[in-house]
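Worksheet for the structure shown next.
The values are calculated or read from the model by the stated rules, or taken from the named source; none is laboratory data. Since we're looking at a predicted model, the values are computed, not measured. Here the Cβ is made from the backbone with ideal geometry for all residues, glycine too, and neighbour counts use every protein chain on show.
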Amino acid sequence: MDILSLIGIALAFAAILGGNALEGGHLSSLLQITAFLIVGGGTLGAIMLQTPLHTFVKAMKMASWVIVPPKLAAEEAIEKIVNWSNIARKEGLLGLESLAENEPEEFARKGLQLLVDGSEPEAIRNIMEVELSTKEYEDTQAAKVFEGMGGYAPTIGIIGAVMGLIHVMSNLADPSKLGSGIAVAFVATIYGVAFANLFFLPMANKLKGLIHNQTQFREMIIEGVVAIAEGENPRNIETKLQGYLAK
């Protein structure tokens, strides 16, 4: 679990609500269902118009990564790759066949299967890099869904503000209706800017960082598998892959 994300969300809420309280404001003044519907529904509708269905669904699934990021056990992966190398040197590449069948990580399993099939090192690299670039592109497009929402939300908030002011202007003769219109006008703007800068844009940037880490992890696997195919010494392979570990 990413504790920093939870702390960030809590701190953002505490700062805004605390500041509002210090200014003498009340929580109820920030709770406007009309403004929420305008900003939330408008932003969601705009991004759904922009995004293909499979990318939108993938983005919604990836949202949980902000709190529970996918685990990348790089050190364990290096140990596993070195073990594969030792087995390949002692038993030949066919000795990896049972490991390939039982490997839980899909990307590594494909690399092992290519080794067992006797593919040339350059062919292994080309095949795995195509899959790597495809995965990276699809995941990045999904992260950009939240980036797009961060761009639309403030503008939709302004639309809500204008709608509220139109309501105010049309009811100038009835002072009892002015308060709700003004509230929607200002709160819609707050919602739009807050959603964008406290949630959508930070989420997009965190997801991009996680995608970059996954890409590096898969690049490490490619290097390890190709090195095994080239018959490199297990110690040299371990030394090379250690360079991918964060210092």
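For the stretch 96-147, filtering for residues that are part of a helix (DSSP H, G or I) and under 30 Å from Pro202 (Cβ atoms) leaves 19.
Conditions (1) at pLDDT below 85; (2) surrounded by 15 or more Cβ atoms within 10 Å (Cβ to Cβ); (3) not hydrophobic (A, V, I, L, M, F, W, C), marked per residue:
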{"residue": "Phe56", "(1), (2), (3)": "no, yes, no"}
{"residue": "Lys61", "(1), (2), (3)": "no, no, yes"}
{"residue": "Trp65", "(1), (2), (3)": "no, yes, no"}
{"residue": "Pro69", "(1), (2), (3)": "no, yes, yes"}
{"residue": "Glu75", "(1), (2), (3)": "no, no, yes"}
{"residue": "Ile78", "(1), (2), (3)": "no, yes, no"}
{"residue": "Ile87", "(1), (2), (3)": "no, yes, no"}
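Here the condition is being of a type in the set (Val, Ile, Thr) and more than 26 Å from Met149 (Cβ to Cβ); of Ile47, Ile78, Ile33, Ile16, it holds for Ile78 alone. Would the stretch 237-244 turn up any residue that is surrounded by 15 or more Cβ atoms within 10 Å (Cβ to Cβ) and at pLDDT below 85? Yes, that holds for at least one residue. Restricting the stretch 27-37 to residues that are touching a residue at least 12 places away in the same chain (Cβ under 8 Å) and not hydrophobic (A, V, I, L, M, F, W, C), the residue that is surrounded by the most Cβ atoms within 10 Å (Cβ to Cβ) is Gln32. Does Gly24 count as outside the structural domain of Ile237 (by TED's automatic domain parsing) and surrounded by fewer than 17 Cβ atoms within 10 Å (Cβ to Cβ)? In short, yes. For the residues Ala204, Ala183, the requirement of being closer than 30 Å to Leu31 by Cα, crowded, with 18+ Cβ neighbours inside 10 Å, out of contact with any Pro (no Cβ under 9 Å at 6 or more places or on another chain) and modelled with pLDDT of 95 or more singles out Ala204.
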